[in-house]
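The structure appears right after this line, and notes come after that.
The values are calculated or read from the model by the stated rules, or taken from the named source; none is laboratory data. The model shown is predicted, which means the values in this text are computed figures rather than measured ones. Methodologically, a virtual Cβ is constructed for each residue, glycine included, from the backbone with ideal geometry; neighbour enumeration extends over all protein chains shown.
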Amino acid sequence: MVNKYLYLNTIGCQMNVYDSEQIAMRMAALGYQQTSSLEMADLVIVNTCTIRAKAEQKAFSFLGRLARLKKKKPGLITGVGGCVAQQEGEKIFKRIPYLDLVFGTQAIDRLPYLIQKIEKKRCRIVDIEQADKPHFKEANDNIAPASQVSRFVTIMRGCDNFCSYCVVPYVRGRETSRHPDVIVNEIKELARSGLKEVTLLGQNVNSYGKKEGLCSFTELLARVSQIERLLRIRFTTSHPKDFDEDLINALRTNEKLCDHIHLPVQSGSNRVLKRMNRKYTKELYLDKVAKLRDTCPDIAITSDIIVGFPGESEADFDESLDLIRTIEFDGLFAFKYSDRPNAPAAKFEEKVSDHQMKKRLQILLDLQDTFTKKKNQALVGSCLPILAEGFSKRQSSGNLNHAHQAVQWTGRTSTNKIVNFYQDDNPEGCDGLSPGELVDVKIEKAYSHSLWGRPVEDKAAAKRLKGDRSYAA
């Protein structure tokens, strides 16, 4: 069989990462091996995101660069999938005339058939399924994946919340949950292949199973925690309006659940939250965070904030800054607002100027940076179990006091903080350590977005260093 190669460009959220893994598995069944070389590719697929204008621009910029490659290799098959494809459909052909395939968010299971048809007939295909009704198709041709320490697994698709700035309900459809048996069996198979950490994905995991009368999200977490060989469970995203005490208690009692939650607030102003159709108030959000920290003192909380939503005044923006000061998030993803097709907010008046949005965004990021550094610095001297993910190539001469370039290990804490480390004084060492192992690491340095430490080989010493601050594996 002649080798065929797939170049897969994934843009956007974790959901797209998961979808791209599904695309790669289906293409492997047709003999396509993934490659990081665009020049080697026989098939190029761009998995796109339309949540923000910048992501959409990035997708079209990449597609535009394929013209030269397509001219050089006329047999090259080029396709675009994901949210931009779902949103724009056949119109993309007018913008990118040398494109062969446009497929929507619900067409991944049909991708092998579509590619085979293009291979044989050299035709152009659009496969966009209506995304305004709930459904979830399970593929029956999954291939056992290659071993990975950490992976995403989608537990539900779509969204029923209709936030005024968001296009997810329009491009991914209404909220639909997968059956828990299917989810658990997928994770079991992954665990048998070497998976140690899973992140469960959904636009609002707290509402998992409710429409279909399936088990609750906390019950699903309990089932996943019983899977052998699996060490850690993460999930994203929780909607604040549905975040409840059952999940708070699960974070306290389920030993495999990581000490981290991503709880998007989007704004600290009740006036803006109402215009966003978020269905909660600042006071309710603060109350839930207080209950969470009372129950789980070591929990790390990250969030999202949109800057410059239509009509956001200086007073509204100041309320967002006050909320950040009150909560002191471990990390924050902040973005400038951008109009998106089909989203109601695109028609809102009182647009904030781009100059003003940039100014506010920088102020907000600078404020959050002080809290991120503060929390990272507080971990210096502590001993934390790190899930080793693999090697990380970094130039260590500048900030790690080594005089040469070296390979070092990288991993994450239970609170989702990146930790880089050597096992011993030999940078090429780490003898006996394998990806997926838990390593006790004493944190010696803190940076803005990562930590650095050294493994503690003496188990008794590690136990003393942890004291009462030992995080659950």
When restricted to Tyr18, Tyr5, the only residue at negative phi and under 23 Å from the mean Cα position of the chain (by Cα) is Tyr18
Of those in segment 174-215 that are in contact (Cβ under 8 Å) with a residue 12 or more places away in the chain and polar (S, T, N, Q), the residue farthest from Thr154 (Cα to Cα) is Ser193
Within segment 252-269, the residues that are more than 18 Å from the chain's Cα centre (by Cα) and either surrounded by 19 or more Cβ atoms within 10 Å (Cβ to Cβ) or free of Cβ contacts under 8 Å to residues at least 24 places away in the same chain (or both) are Thr253, Lys256, Ser267, Gly268, Ser269
Turns out the helices (runs of 4 or more DSSP H) fully within segment 62-127 with at least 2 residues that are without any contact (Cβ under 8 Å) to a residue 24 or more places away in the chain and among the basic types (Lys, Arg) are 91-95, 111-121
query = Going by the structure shown, is Phe243 more than 30 Å from Glu312 (Cα to Cα), crowded, with 21+ Cβ neighbours inside 10 Å, under 21 Å from the mean Cα position of the chain (by Cα) and hydrophobic (A, V, I, L, M, F, W, C)?
reply = no
The residue that is farthest from Ala343 (Cα to Cα), considering only those in segment 84-98 that are buried (at least 22 other Cβ atoms within 10 Å of the Cβ) and touching a strand residue (DSSP E or B) at 6+ places or on another chain (Cβ under 6 Å), is Ala85
- Query: Before we move on, is Ser37 of a type in the set (Ser, Thr, Tyr) and surrounded by fewer than 19 Cβ atoms within 10 Å (Cβ to Cβ)?
  - Reply: yes
_Taking the criterion of being crowded, with 18+ Cβ neighbours inside 10 Å and either of a type in the set (Gly, Ala, Ser) or outside the structural domain of Ile187 (by TED's automatic domain parsing) (or both), would at least one residue in segment 217-236 satisfy it?_
no
Okay, helices (runs of 4 or more DSSP H) sitting entirely in segment 205-295 with 2 or more residues that are farther than 20 Å from Glu328 by Cβ and of a type outside the set (A, V, I, L, M), I get 217-225, 245-253, 270-276
Determine, yes or no, whether Leu387 is crowded, with 20+ Cβ neighbours inside 10 Å, in contact (Cβ under 8 Å) with a residue 12 or more places away in the chain and touching a helix residue (DSSP H, G or I) at 6+ places or on another chain (Cβ under 9 Å). no
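Here's the yes/no breakdown for (1) among the hydroxyl-bearing types (Ser, Thr, Tyr); (2) out of contact with any Cys (no Cβ under 9 Å at 6 or more places or on another chain); (3) at pLDDT 85 or above; (4) in a loop (DSSP other than H, G, I, E, B):
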{"site": "Thr415", "(1), (2), (3), (4)": "yes, no, yes, yes"}
{"site": "Val419", "(1), (2), (3), (4)": "no, yes, yes, no"}
{"site": "Gln423", "(1), (2), (3), (4)": "no, no, no, yes"}
{"site": "Asp431", "(1), (2), (3), (4)": "no, yes, no, yes"}
{"site": "Lys445", "(1), (2), (3), (4)": "no, yes, yes, no"}
{"site": "Ser448", "(1), (2), (3), (4)": "yes, yes, yes, yes"}
Of those in segment 355-377 that are of a type outside the set (A, V, I, L, M), more than 30 Å from Thr413 (Cα to Cα) and touching a residue at least 24 places away in the same chain (Cβ under 8 Å), the residue surrounded by the fewest Cβ atoms within 10 Å (Cβ to Cβ) is Gln356
Counted residues in segment 128-149 being modelled with pLDDT of 90 or more and either in contact with a Leu (Cβ under 6 Å, 6 or more places away or on another chain) or surrounded by fewer than 18 Cβ atoms within 10 Å (Cβ to Cβ) (or both) come to 0
